[in-house]
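Laboratory data are not the source of any read-out in this text; all were calculated from the coordinates shown. Please read all numbers here as calculations on a predicted model, not as lab measurements. So basically every Cβ, Gly included, is an ideal-geometry build from the backbone, and we count neighbours across all protein chains shown.
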Amino acid sequence: MTEKVGVYICHCGSNIAGKVDVEGLAKWAGEELEGVVISRDYKFMCSSLGQELIEEDIKKEGLTRVVVGACSPHLHEKTFRRACSNAGMNPYLCQMASLREQVSWVTEDKAAADVKARALIAGAVRRVQLHESLEPTEVPVNPATLVVGAGITGIQAALEIAEAGHKVFLVEREPSIGGHMAQFDKTFPTLDCSACILTPKMSDVGQHENITLLSYAEVEEVKGFVGSFNVRVRKKARYVVEEDCTGCGICIEKCPKKVVDEVFEVGMGKRKAIYRPFPQAVPKYPVLDTANCTYFLKGTCKACEKFCPTNAIDFEQQDTYLDLDVGNIILATGFDTFDARRIPQYGYGRLPNVFTSLEFERLCNAAGPTDGKIVLRDGVTEPKSIALVHCVGSRDEHYNPYCSAVCCMAALKFGHLVMEKTAAEVTSFYIDLRTPAKGYEEFYDRLLEEGMKFVRGKVGEVSDAARLPGEEGKLIVQVEDTLLGKQRRIPFDMVVLMTALEPRFDAKEVGLRFGISCSMQGWFTERHPKLDPVATMTDGIFICGVCQGPKDIPASVAQGAAAAARVQGMISRGTVLIEPIVATIHAEHCSGCRICNNLCPYNAIEFKLEEGVSFINQALCKGCGTCVAACPAQAITGAHFNNQQIVAELEGLLYDAARGTQGAPKPVAVPA
Amino acid sequence: MTAKPKLALYWAASCGGCEIAVLAIDEKILEVAAAFDIVLWPVAIDAKARDVEKMADKSIDVCLFNGSIRNSEQEYMAQLLRRKSKILVAFGSCAHEGCIPGLANLAGREAIFDYVYRKSPSVDNPQGIVPQPEVQVPEGTLHLPMFYDTVKTLDQTVDVDYYVPGCPPEAENIYSIVVAVIAGLKGAPLPPAGTVLGKETTVCDECERTREEKKIKAFKRTWEIIPNETECLLEQGLVCCGLATRAGCGALCPKVNSPCIGCHGANAGVVDFGARMMTSLASVIDSDDPAEIRRIIQEGIPDPVGTFYRFSLPHSLLRRSALSGNGH
Amino acid sequence: MSDERFEPKIVAFLCNWCSYRAADLAGTARMKYQPNIRTIRVMCSGRVDPTFILKAFSLGADGVMIAGCHPGECHYLVQNYKAMRRYEMLRHTLLAMGVEDHRLRLQWASAAEGNALAAAINQMIDQVRALGPLDWPRFWHENAGHQEAIARLPHEHAEALEVSA
């Protein structure tokens, strides 16, 4: 079976031609490589003229395979595949060799570049002759969408899709939607009351006819693929019957058990054993915390049940499971905050008046544990001096190397709130002041005007060990003031640590459940950091908000809207193409050894007991090829990356390798 | 009466087991004797190489050649029998893949002679005499075949028409090939040249043990455990090569509670048996920690070449270990 | 014998999502590295079959690199762990066959690590250059004089008939 291969060497202006002898290469390929019937070089293969060159040759010369030596296939594989397609050739019969990113741009010596370029072209020419025509599969897209996480980002995404007329399932782990934004007092730089701008959206979500809100629920299992995912959700038992509950709150009032609220109040305030996280919670139904409920602990009390006017308390309630069919999934799972106890020299957890930024938000919040009064841990004393320590757990090789994006602005905001509510002095200890977005630098100017103090230096230690006069009973911040060039010890009544944003504690596990991966720092991995920040490498799964990386509220909202737009695009198309790069088990060679069975993270491989062979569900197969490589019977083939193709490419790549100085004996005959 | 078709059997570097295996077809051997005129069979009849040299090319209808090629005489006979035979069959694992003689590819002539003739504990050779290819004696010059550094398979030496795998091949398979050849000589279609006569799947297909998904925490040696008779041997920790070995033997060894060692060779289309064993066993090691993975492998498989290439070393992609002195 | 420095030929299997993108990034950043490496793109490091590596050595490669996403970051979630396990198994066997450790390298590189990959490539090339050529097919050569020994045999057979009484 002889193929007619056309080889096209791109100059890419001088990007390739400046280092590689492109004319010589084209000539060499035409003369030396078996199967090549046409071999050209051209200035810009990706231009329409360049593509037409390919199309003409296919039609006129009857080419059956095409090799393009140009830039990276990640840039133009689609372009050249389309050119082939336009000329009536199956797009998978085209192969690219990267002569730019892999040769001309990285090689010093011209002669060496030529040798390497020849190897890559030889590899591509040998490989392409073993390519097979492949057709992508078209599958329908279910117009329903799952949004996981109902903080501001998830809320935005859900509302946009719902407003466009499509069904949304919104799953939230906590009893109420709202996320971290519900805990804040004011938002920078506008100083809007956080709850005031958030709660209208929360209420829209709660009332929207297209949104099914599943709160106090988690996704347990995801099966399927883009266009048709099947998701199992576990709705945790509230012990309150939602259909009967009016949200009157009498159960909460009558509950005798008070516990520290570790979640919403960050340990600064109390709630009851049956509770709503905050007054404007959506949905309004309370939740019973069985770990602290007297009935569940001792079998007594039941005050909530006694006083509930609609009999909505049900101590026997069980978790329920729902199976949802959706076409796309958006993850907006947010973040956790850095545990400041990991930096013992800052004294958090040991020195009472060292606070984290989230704790300080609750202090400032009028609905918070101190009704909005900025006071020390004793609940009474007003601080006269407050230190704001930047970069606690951020920009630090011992903890997190990244910048958390929002803390500088939050510190400025705290500075303003302190000066607005108290007569205290407030000082920021910073490395840099990061105020990039709209209105941010102006906000910094404003704080300078308002009299906030700034010291450029990363705080070394916060201590209560007084050494100098004036330090008794104070928290001493030890810092190198880099603008003054001096070490300083500055006493304060209160220290606030601007803690880093971190990925959720279970981000990796959650990612695996949805089939996406996390970066080394634990944020979900986007498809392309510059050009595709809300898509992931798994079709149909989108990410937005801080779960993709630290960012402020405007950026989170923008990403939520972007993810929603992508999903709406999929829905309006109605179908999606799945690449045909999948594996096949050839039953006649399969002995049913089951080695492959647990090698697939997508559960695409099943074992058929009666037939005694394994089988691949190609709709689930993502084409990684791991099972192809693992099969001891070599019974599995991988489309477009099969053994023969890869070995042929190897043979081309090593076209000039010494094969024994005296020539090898008769080569091994490959059994049929 | 038309002349009977001619059959030749030859043994190169082998143990003799394939010769005995031919006899293991029991009384059917009489059918063979009746159907064929046996022109060469050194173990059983007195024909000589020079008789074969005198035959016309392609006058032997079928030659069953067992044993691998590791000296000049064996290579000569392979070339001779190829010339004189219509159908040349690589009979048994030695001819097919190299088999046990192939493990000598972990050494070379110098090292082998040095050990066998000088260093082995039972040797009494104070003058350190080793075989020479040529020596002068009063009667003339005596020659011995030249001993090669590297064992070759039959198909690395001459073109081979068919392969019968196994160490030794099973009686039913031997009989089937005889029957197929007899039919073929009468005009029935023969399989395509290069076919390995046997099944196209692996030993697990013939093994009746139950199997689950594989997760290996340790590889056990055969002296470490007595496996049960019902579960897959690999799941019990033993390295069973049945995963990658061509079926056709009826999974004889697993049936008697012994792991398969791979004598039937690789499955159809496979160029390197050891690679299949390495990849499948490694893929299901139940660990993600490089240090633990390394420990599991080093403790459980102290002799990887002997385990993965016991029968197939010469036929593998690398064929032998590195040889100092380049084989010159 | 030429006095040119030995230049190794090394084949690298790069996974489409991380290491191939890292190589692309090295290219766009114009990071220069030694040209002795020739790349094959596979979808995942888990696709790399030990057969390919053995084939590369048998074709005369002096070294082989397998590059994939960092553990925990595999685009296909966990498949690079299979590559890691196979590498350990193959390395164990190759050492027993006399292929030195540095000739087979498992390298992790995320899509952002163009410079780390370029540095790893340079390091591997230097290590393999120091080891010298592998040229595995040279070990298959037959001993000098074997053709003469074979050619002599028909004569020996003929002479053997002459046995003096």
| field | Rounded FRET efficiency, nearest 0.05, which uses the C-beta distance separating B:Ser258 from A:Phe44 and R0 of 60 Å | value | 0.35
| Cα→Cβ-extended label distance, 7 Å offset, between A:Asp371 and B:Glu110, nm | 9.7
| A:Glu420 versus A:Ala466, label points 7 Å from Cα toward the beta carbon: distance in nm? | 3.4
| remark: Here the whole-number average of other chain Cβ atoms within 10 Å per Cβ of C:25-37 is 5
| request: Residues in the range A:105-126, backbone N under 11 Å from the label point at C:Glu7 (7 Å along the Cα-to-beta-carbon vector): list them, ranges by number please. | output: A:108-117
| query | Looking at the range B:206-251, which GluC sites (Glu not before Pro) are in a loop (DSSP not H, G, I, E or B) and have at most 12 other Cβ atoms within 10 Å? | reply | B:Glu208, B:Glu212, B:Glu224, B:Glu229
| query | Considering chain B as a Gaussian network with a 10 Å cut-off on Cα pairs, which listed residue, B:Asp51, B:Asp286, B:Asp37, attains the greatest mean-square fluctuation? | reply | B:Asp51
| message | I need the phi-derived Karplus couplings for the range A:587-600: 6.51 cos²θ - 1.76 cosθ + 1.60, θ = phi - 60°, integer Hz, Gly and Pro marked x. | response | 4, 5, 9, 7, 9, x, 5, 6, 4, 6, 4, 9, 9, 9
| note | For the range B:4-82, listing GluC sites (Glu not before Pro) in a DSSP loop whose Cβ sees at most 11 other Cβ atoms within 10 Å gives B:Glu27
| query | Which pairs in the list A:Lys223/A:Lys608; A:Lys4/C:Lys9; A:Lys421/A:Lys486 are over 23 Å apart, alpha-carbon to alpha-carbon? | reply | A:Lys4/C:Lys9; A:Lys421/A:Lys486
| query | So what is the relative contact order of chain A, in percent, for Cα pairs below 8 Å that sit 6 or more residues apart? | reply | 13
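For A:His208, C:His146, A:His390, which order do you get if you count the other beta carbons within 10 Å of each Cβ and list the fewest first?
A:His208, C:His146, A:His390
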| query | Residue-wise, which Karplus ³J(HN,Hα) couplings in Hz belong to the range B:303-315, taking 6.51 cos²θ - 1.76 cosθ + 1.60, θ = phi - 60°, and x for glycine or proline? | reply | 10, x, 5, x, 6, 8, 10, 3, 9, 10, 4, x, 8
| chymotrypsin sites (Phe, Trp or Tyr not before Pro), restricted to the range A:243-335: which are DSSP loop and have at most 15 other Cβ atoms within 10 Å? | A:Phe315
| Which value in Å is the Kirkwood Rh of the range A:280-352 over different Cα pairs? | 17.6
| said: Just to be sure I understand the rule: take each whole DSSP H helix in chain A, project its Cα atoms onto its long axis, keep it if the span is 24 Å or more and its mean Kyte-Doolittle hydropathy is at least -0.5. Which ones pass? | reply: A:110-128, A:553-573
| remark: Proxy exposure order for A:Leu475, B:Leu30, C:Leu153, A:Leu376 (fewest C-beta within 10 Å first) is B:Leu30, A:Leu376, C:Leu153, A:Leu475
| task | Can you check how the C-alpha radius of gyration of the range A:336-502 compares to 2.2 N^0.38 Å, as a plain ratio? | result | 0.97
| query | Separation between the A:Phe315 and A:Ile252 pseudo-spin-labels, each 7 Å from Cα along Cα→Cβ, expressed in nm? | reply | 2.3
| Per the Kirkwood formula on distinct C-alpha pairs, the Rh of the range A:237-318 is how many angstrom? | 12.7
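Would you please give the FRET efficiency between B:Asp124 and B:Val43, computed as 1/(1 + (r/R0)^6) with r the Cβ-Cβ distance and R0 = 45 Å, to the nearest 0.05?
Numbers: r = 30 Å, r/R0 = 0.67.
In this case the efficiency is close to 0.90.
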| query | With chain B treated as a Gaussian network of Cα nodes joined by springs under 10 Å, which of B:Pro126, B:Pro42, B:Pro254 yields the largest mean-square fluctuation? | reply | B:Pro126
| Which residue fluctuates the most in chain C, going by a Gaussian network model with Cα springs under 10 Å, if the choices are C:Ala151, C:Ala130, C:Ala109? | C:Ala151
| request: Normalising by the residue count of the range A:567-647, find the relative contact order in percent from Cα pairs under 8 Å and 6+ residues apart. | output: 36
| request: Relative to the compact-globule scaling 2.2 N^0.38 Å, provide the ratio for the alpha-carbon radius of gyration of chain A. | output: 1.21
| request: Round to the nearest 0.05 the FRET efficiency obtained for B:Thr222 and A:Asp339 when R0 = 45 Å and r is the Cβ-Cβ distance. | output: 0.30
| What do the square roots of 5 times the Cα gyration tensor eigenvalues come to for the protein assembly as shown, in whole Å, largest first, as semi-axes of the equivalent ellipsoid? | 71, 34, 30
| request: Let me know the mean shielding of A:64-74 by other chains, meaning the per-residue number of their Cβ atoms within 10 Å of its Cβ. | output: 2
| said: For chain C, what does the relative contact order come out to in percent, with C-alpha contacts under 8 Å and a separation of six or more? | reply: 31
| Backbone HN-Hα couplings from phi across the range B:38-43 [Karplus 6.51/-1.76/1.60, Hz, Gly and Pro as x] | 7, 9, 8, 6, x, 6
| said: Around A:Val479, under 12 Å between beta carbons, what's the net of Lys plus Arg minus Asp minus Glu among the other residues? | reply: +2
| task | Give the range of the longest stretch in chain C that excludes all trypsin sites (Lys or Arg not before Pro) found in loop regions by DSSP and having at most 16 other beta-carbon atoms within 10 Å. | result | C:33-165
| note | Summing -39500 (n - 2.57) over every DSSP H run of at least 4 residues in the protein assembly as shown and dividing by its residue count gives a helix-only mean residue ellipticity at 222 nm, to the nearest 500 deg cm²/dmol, of -8500 deg cm²/dmol
| task | Any chance you could list the semi-axes, whole Å, largest first, of the equivalent ellipsoid that the Cα gyration tensor gives for the range A:53-207, using √(5λ)? | result | 53, 24, 12
